[in-house]
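Visitor: Just dropping this structure here.
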Amino acid sequence: MGNEYVKEEFITCASLDVGKEPQVVRSVNELEAFQSAVGGDIEIISLTPERNILMVVNAEGKIKKLESNLKMGNDIVVGTAIIVGCDAEEGEFRSLKNEELQMALDFLHSSKIR
């Protein structure tokens, strides 16, 4: 029983608000904190096949006509976007590791709508 999972209380993630530069943020690791950050119910977009890096966005962002923020292929992400790590076994958000954080910041910077 020494390997019990402990959910991180605060996590390090990458965030992009509309019209701003990507930034590193520390967030309380609770649903309400992410809902507050994106302005409503959340939608999760997996950025990796392993589902270990996720993007959190407003689930109704397009319906609410939030401003365009990121271009992903043929789609547009609107409103604030937050990239988090995910413990696939536990299904819980976790901090991004250093190399994941750098990749997330690079992704947000190269994908943002200027």
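Visitor: Give the accessible area for Ile44 in Å² (nearest 10); use a 1.4 Å probe, count only protein heavy atoms, and leave out ligands, DNA and RNA.
Guide: Rounded to the nearest 10, the figure is 80 Å².
Visitor: Subtracting the Cα-Cα distance from 0.36 nm times the residue separation, let me have the gained length for Asp87 to Glu30 in nm, one decimal.
Guide: 19.1 nm
Visitor: While we're looking at this one, here's another question. Taking the Cα centre of each part, how many Å lie between region 49-114 and region 1-46?
Guide: For region 49-114 versus region 1-46, the Cα centre distance is 10 Å.
Visitor: Leaving ligands and nucleic acids out of the surface, order Phe10, Phe34 by accessible area at 1.4 Å, largest first.
Guide: Most to least solvent-accessible, the answer reads Phe10, Phe34.
Visitor: Now a separate question. Take the Cα radius of gyration of the chain and divide it by 2.2 N^0.38 Å, with N its residue count; two decimals is plenty.
Guide: 1.04
Visitor: Tell me the carbon and sulfur percent of the accessible area for region 1-87, rounded to whole percent, probe radius 1.4 Å.
Guide: Roughly 50 percent, rounded to a whole number.
Visitor: Additional query: Could you work out the helix-only [θ] at 222 nm for the chain, with each DSSP H run of four or more residues adding -39,500 (n - 2.57) and the total divided by the number of residues, to the nearest 500 deg cm²/dmol?
Guide: Per the formula, -6000 deg cm²/dmol.
Visitor: With every protein chain left in place, what is the accessible area per residue of region 59-107 in square angstrom, probe 1.4 Å?
Guide: 59
Visitor: Rank Met72, Met103 by accessible area, highest first, at a 1.4 Å probe radius?
Guide: These residues rank, largest area first, as Met103, Met72.
Visitor: Keeping all protein chains in position, work out how much accessible area Glu32 exposes to a 1.4 Å probe, and write it in Å² to the nearest 10.
Guide: 120
The values are calculated or read from the model by the stated rules, or taken from the named source; none is laboratory data. This is a predicted model, so every value here is computed, not measured. Surface areas here come from the heavy atoms of the whole protein model, side chains and all, with no ligands, DNA or RNA. Shrake-Rupley method; radii C 1.70, N 1.55, O 1.52, S 1.80 Å.
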